[in-house]
Amino acid sequence: MNVTFWFRDNQTDKAKKGVIMAVVQVANTSGKTVSRNFASTYKVYRQDFHEGGCEKEKRALVMELEAIQIFLNGQTGREVTAAEIKAEYLRRKPRKTKPKPTAAESTPLTPPAPTIQEIIQNFLIAQEGRKIRLATLNSYKAFGKKIITLIGDTYVKDISTKTLENLYSLVSTEKSNGYAMQLIAILKTAIKPRVIDFVPPEPSRQKPLTFLEQGELEKIAASREALPERYRRACDYFLFLCETGISLIDFEKFQERHKITIHEGILFLEGVRHKTGKTYFVPLSERAKAIGEAYDWQFELLNRGTLRNHIRAIAEFCGIEKNISAHKARHTVVMNILDQTGDIALAAATIGDNVATVSKHYGHLRLSGYAQMWEKYKKNK
């Protein structure tokens, strides 16, 4: 028996691997080749992709085929063909695919998936067993009913992560939303692990946010004329960002992405946020309007590093011991809106972000009763 080799490109991964093709030539006792219809493949690295490469694999294949030939010749009492050697070789190789399961194995009996209403009812029954206060139980029932109304009595297995995020954003503005958060947590545990990647935020796990209080903002505005000349443009830009909440990347393309509109006598800045693609409408304060008109709404760009250094120098000049930057202006806008209105939806619309994201990052800092409800929720968990 003679085994010859040649090389072939692996079309699916040419850059890294080649394939060795082995052809078996089986000769009879007179030395005449009687068949050559067997091939075996080996994947090899590109550095071995040359004539004479992969000698170890070649020798192993030759020895294995010779052993099979000797075995079959002894079993049959004749010279076996290459087709017979191939069949025996493939029979001895481990199967790459598992055998198909039988009908009984492929259709195991599984309990029916629960619905949202069933999950919530089981939770309420468990709460009644704890003998909690009637007012607390009624709150759970009210929020459970609201959740069912919002997303329907569907099967829990059909709930997606996006549904959870939307649900959280809808109930997060409630005064006593700790009850709703616990119900959402119950639904979360019932979802398949592959889609559980939404975790309602807890204040204790949040990174501290840096922002300017309104008094600090006024101090910077009042110190503008006393600043060195080279810092005044950065001061104007930073104040404009703190009044409008637009991101730095959108500010750098102000004329391209924004327009000024008037609605019921109020001047609005309309734009589309680069990161989220959301349209936002910002009512322009007198300060923002004055800065925009002073520059004719054409802001000459500063190098980002220069702008950052100038803003830090301004904070130091004004005695503000905070590490502020252009991005902190967005934090300032959101926190001021929550101070004045407590409306997360309004804050999200102003900065062109999602309600769930704004609630996650800012809500626990300002909403009345929000942090306290989270503490109660964690204790009763």
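Table for the structure above
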| read-out | value |
| --- | --- |
| Of 278/322; 141/278; 146/278; 275/322; 146/253, those spanning more than 32 Å from alpha-carbon to alpha-carbon | 141/278; 146/253 |
| Karplus-derived 3J(HN,Hα), 6.51/-1.76/1.60, for each residue of segment 78-85, Hz, glycine and proline x | 8, 7, 7, 8, 5, 4, 5, 4 |
| Distance in nm between pseudo-label sites at residue 78 and residue 130 (7 Å out along the Cβ direction from Cα) | 8.2 nm |
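All of the numbers you see were taken from the coordinates with simple rules; none came from a lab. Since the model is a prediction, treat every value here as computed from it, not as a measurement. So basically every Cβ, Gly included, is an ideal-geometry build from the backbone, and we count neighbours across all protein chains shown.
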